[in-house]
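Here's the structure, in structure tokens; my notes come after.
The values are calculated or read from the model by the stated rules, or taken from the named source; none is laboratory data. Given the structure is predicted, the values throughout are model-derived calculations rather than measurements. Cβ: placed from backbone, ideal geometry, glycine included. Neighbour counts: every protein chain shown. Surface areas here come from the heavy atoms of the whole protein model, side chains and all, with no ligands, DNA or RNA. Shrake-Rupley method; radii C 1.70, N 1.55, O 1.52, S 1.80 Å.
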Amino acid sequence: MKKNVVFFEVRGGSDKGKDGYRPDTMPMVNALKAKGYDAEVIFFEIGKMDEIYNYVKNNAIAYVSRINPGNLKEENEYFDMLRKLCKDGIVPMPHPDAMIGYGAKDALVHLNDTPLVPKDTYAYYDMESFKANFPKTLAKGQRVLKQNRGSTGEGIWRVQLLHPLTKPVDSLPLDTEIKCTEAKDNHTEIRKLGEFMDFCHQYITGENGMLVDMTFLPRIVEGEIRLLMLYDKPVNVVHKKPASGGDNFSATLFSGAKYRYDDPSLWKGLVDTFLSEIPMIKQKLGNYDLPLIWTADFILDTDKDGKDKYVLGEINCSCVGFTSQLELAPKVADEIIAIINRAKK
Ligand SMILES: Nc1ncnc2c1ncn2[C@@H]1O[C@H](COP(=O)(O)OP(=O)(O)OP(=O)(O)O)[C@@H](O)[C@H]1O
Ligand SMILES: [Mg+2]
């Protein structure tokens, strides 16, 4: 049996260490070697795609994708190559369509008929549906609009009315004054609804363009809770508390949120509920095998009986790192081997 595991990376980008690799890549390569597997890193380059494809097809048993989508212009071509490798029987970590299914913001909409996500969560792929529905959802209460591309809070907007409604309405007029706060840095702008929706065209247009419209969860001020998952096991919890004050709502690091790292045993209720929901999540997001390393973020809400309830805010799975916990590398290698063994059974 072939025993070569290929790690795909791309040259450049702010996620690289001094050796030119992502800092958590070589620890995985070395841990696999220590366990009797061959492992190597291949830098994806569009000009060498055919050569790379043939080499991996003929020499590898599995691949691990370590490419941050923001660092790769030719993501579609890269995904097409991965799809071909999957068809050739190379074990995917993860399948490109799993990266899309779990990682895209509209994963929330695919889960809006489960307890994980509020029912009134919508995705817009064109301006017509956005302009038709958003004035209605905003009329019911504060919303968060999330673009799909970008990260660290860019194009993630908390939207609220500047002046509260004096009586309920079904839909808001386009000249309604709104307060828009961006998660990138918690800055707030006063805008008009119609003009702001036009401004959001940039998020909807082009490849993978979409906007997700979700209710604003005020308990975000208590923090966002990130589960770091190694396949089906939680290995770390990050509690991210937004900087206090004003309309601040962002749990992203550069906006000034404070991070605390906890052992998953301290979050037993959340962890147990989430683990029980994983089969359903998997089925709703396309039935692909779970990603090797991924995260799920939760925000507290209150259910109708006044009890705490966790709402899923997003999943990341394209290139989640464990650089701050490199001692996990042998465990990750064991998980890679287990995934290969299950796939090749
Ligand atoms: N429904 C919501 N209610 C309240 N706050 C929210 C909501 N959704 C998102 N946020 C806040 O906005 C921040 C950014 O949103 P989100 O994590 O979805 O976007 P992102 O830019 O993809 O972030 P990341 O860099 O973590 O991938 C969250 O960390 C959270 O603080
Ligand atoms: Mg996030």
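Amide H contacts of residue 231: 293, 294, each under 5 Å away and 5 or more positions distant or on a separate chain (H built 1.01 Å from N in the peptide plane; Pro and chain starts excluded). What is the angle, in °, between the Cα long axis of helix 25-34 and the longest principal axis of the Cα atoms in the chain? Nearest 10 is fine, range 0 to 90. Taking the Cα atoms of the chain, the angle to 25-34 is about 40 degrees.
Annotation: lysines with alpha-carbon distance below 17 angstrom to residue 179 (same-chain offsets under eight excluded): 136, 140, 146, 192.
Ranking 22, 149 by solvent-accessible area of protein heavy atoms (1.4 Å probe, all protein chains present), from largest to smallest, gives 149, 22. Model label points for residue 309 and residue 125, set 7 angstrom from Cα along the Cα-to-Cβ axis, are 2.9 nm apart. The packing ranking, built from the mean of other Cβ atoms within 10 Å per residue, places the peptides 45-54, 188-197, 23-32 in the order 23-32, 188-197, 45-54, highest first. Only one residue of 293, 253, 227 has its Cα farthest out toward the positive end of the dipole of segment 213-319, where Lys and Arg carry +1 and Asp and Glu -1 on Cβ, and that residue is 253. Compared with the dominant Cα axis of the chain, that is its longest principal axis, helix 49-59 is turned about 50°. For segment 116-217, the solvent-accessible area of protein heavy atoms averages 47 Å² per residue (probe radius 1.4 Å; ligands and nucleic acids excluded). Helix content alone sets the calculated 222 nm mean residue ellipticity of the chain: runs of n ≥ 4 DSSP H residues at -39500 (n - 2.57) each, divided across all residues, give -9000 deg cm²/dmol. Each peptide in 238-249, 84-95, 265-276 receives the mean, over its residues, of other Cβ atoms within 10 Å, and ordering these scores from highest gives 84-95, 238-249, 265-276. In order along segment 242-247, the phi-based Karplus estimate (6.51 cos²θ - 1.76 cosθ + 1.60, θ = phi - 60°) of 3J(HN,Hα) comes to x, 4, 7, x, x, 9 Hz; Gly and Pro are listed as x. With a ≥ b ≥ c taken as the square roots of the eigenvalues of the C-alpha gyration tensor of the chain, please select rounded if a/c is under 1.5 and otherwise prolate if a/b is larger than b/c or oblate if it is not? Prolate.
The protection proxy used here, the mean number of other Cβ atoms lying within 10 Å of each residue, ranks peptides 100-113, 150-163 as follows, highest first: 100-113, 150-163. Checking the a/c ratio against 1.5 first, then a/b against b/c, what shape does the Cα gyration tensor give for segment 116-217? Because its axes are fairly even, with a/c under 1.5, segment 116-217 counts as rounded.
Per-atom-type breakdown for the chain gives carbon and sulfur 51% of the accessible area (1.4 Å probe, protein chains only). So what's the net charge close to residue 22: Lys and Arg +1, Asp and Glu -1, counting the other residues with Cβ under 15 Å from its Cβ? That works out to -1. On a 0 to 90 degree scale, rounded to 10, what angle separates helix 329-343 from the longest Cα axis of the chain? Orientation of helix 329-343: about 80 degrees from the principal axis.
Its Cα gyration tensor gives segment 163-246 an equivalent ellipsoid. The semi-axes, each the square root of 5 times an eigenvalue, are 31, 19, 13 Å from largest down. With all protein chains in place and ligands, DNA and RNA left out, the 1.4 Å accessible area ranks 170, 334, 301 as 170, 334, 301, largest first. Each Cα pair under 8 Å and six or more residues apart adds its separation to the average, and for segment 1-153 the resulting relative contact order is 21 percent. With contacts taken as Cα pairs under 8 Å and at least 6 residues apart, the chain reaches a relative contact order of 18 percent.
Model label sites at residue 259 and residue 88, defined 7 Å from Cα along the beta-carbon direction, differ in position by 3.6 nm.
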